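Read the structure below first, then the notes.
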Amino acid sequence: MVMRNVLRHLRFLIAVQLLPALESGEETLVGGQAVLEGVMMRSPHAWGISVRKPDGTISTHSEPLERLSERHKWMGWPVVRGVITLGQAMVLGFRALRYSADVALDIPAKEGEAEAKKTEISGWVAALNIILSVGFFIFLYKFVPLVAATRLKNAYPAFGSQVAFNAVDGVIRLALFLLFIWAVSLMSDIRRVYQYHGAEHKTVFAFESHDPLDPRHVQAYSTFHPRCGTSFLMTVMIISILIYMLFPAHTFLTRFALRIALLPVIAGVSYELIRFAAKHGKSLFALLTKPGLWLQRITTKQPADDQVECAISALNEAMELEKQRGGELVIA
């Protein structure tokens, strides 16, 4: 039982690292995120989550969602809105993951016990997970590629130019990202998360197409969606190479500080490109989303009907609360 709980907590930690790849960052439309044994869906003013319990039933929850850009106009400015939306999506995504973990970690009661024991994730553990997640991202995708590129430059002076150095740094960063995404996909638990990710995409497609939200109709749609966080992360990886080339730096510490300082700028610019590409599918910028769509062959899997049912349930929860709050979505 102890080992089982350790493995489940490990699955939660890995899912936290995958948060940006599993969520949709668009605040004006319906979007969602795969969680442990379930799906979280959100509308502009509400979010709902449905998680399959060990006994086969579905646990649901919904809450109002505040659009910060409606309270503070400057948060809706181009580039700035990308950073704000991403930050809000990460916080909401972690809350959804925590809820799903609480449900998934529910241990059946032994005979004679009044109720099942539940392994809660405490507040300090949640804060620690966020710190570890940010630290992991900076270490793996900023520090390690920079160290490797610097050693290659020292060994091969041809890599010393601004363009060559940042190109090598970017290729190493991209390789590490792809390796991590692929490696965790080999875990059976994470593969199920990727299946729920596919269920979320299919359900959003069906909703946007005004089709009935039932497994038969939803299953007809693709698991690949242009507004997926996977496409966003791939765009971040590509755009970062180009932006770093614009800022000359010659020491390791300067380059490392620059990479951290430019994170909000890169995230904001990438958000705008994804947003534009989603609305103009035949534009030149839409080509930037293609690698992300290809990568979704790993981060999304074909879901079973019961997984689609969770995604539909989560969307219904969010939309019901959206209507109660006076919200209305018009899908063209």
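Read-outs throughout are calculated quantities, based only on the coordinates presented, and are distinct from any laboratory measurement. Everything quoted here is computed from the prediction, not taken from an experiment. Heads up, the Cβs are rebuilt from the backbone with ideal geometry, glycines too, and the neighbour counts pull from every protein chain shown.
Cβ under 13 Å from Ala148's Cβ, Ala148 left aside: what net charge do those residues give with Lys, Arg +1 and Asp, Glu -1?
Charge balance in the 13 Å sphere: +4.
What is the dipole size for segment 174-266, taken about its Cα centre, with +1 at each Lys and Arg Cβ and -1 at each Asp and Glu Cβ, in debye to the nearest 20?
Using only the charged Cβ atoms, the result is roughly 300 debye.
Once you have the Kirkwood Rh of segment 189-296 from its Cα pairs, apply Stokes-Einstein at 4 °C and 1.567 mPa s and quote D in µm²/s.
Estimated diffusion coefficient is 82 µm²/s.
Nearest 0.05, what FRET efficiency do Leu287 and Tyr156 give at R0 = 41 Å with Cβ-Cβ as r?
Efficiency at R0 = 41 Å is approximately 0.85.
Among the listed pairs Lys142/Lys279; Lys202/Lys290; Lys53/Lys202, give every one whose C-alpha distance is greater than 25 Å.
The pairs that break the limit, which is 25 Å between Cα atoms, are Lys142/Lys279.
Using Cα-only point scatterers and the Debye equation, what is log10 of I(q)/I(0) for segment 161-252 at each q in 0.18, 0.20, 0.23 Å⁻¹, rounded to two decimals?
Taken in order of the listed q values, log10 I(q)/I(0) reads -0.87, -0.96, -1.10.
How do Tyr194, Tyr244, Tyr221 rank when sorted from fewest to most other Cβ atoms within 10 Å of their own Cβ?
Least to most surrounded, the residues fall as Tyr221, Tyr244, Tyr194.
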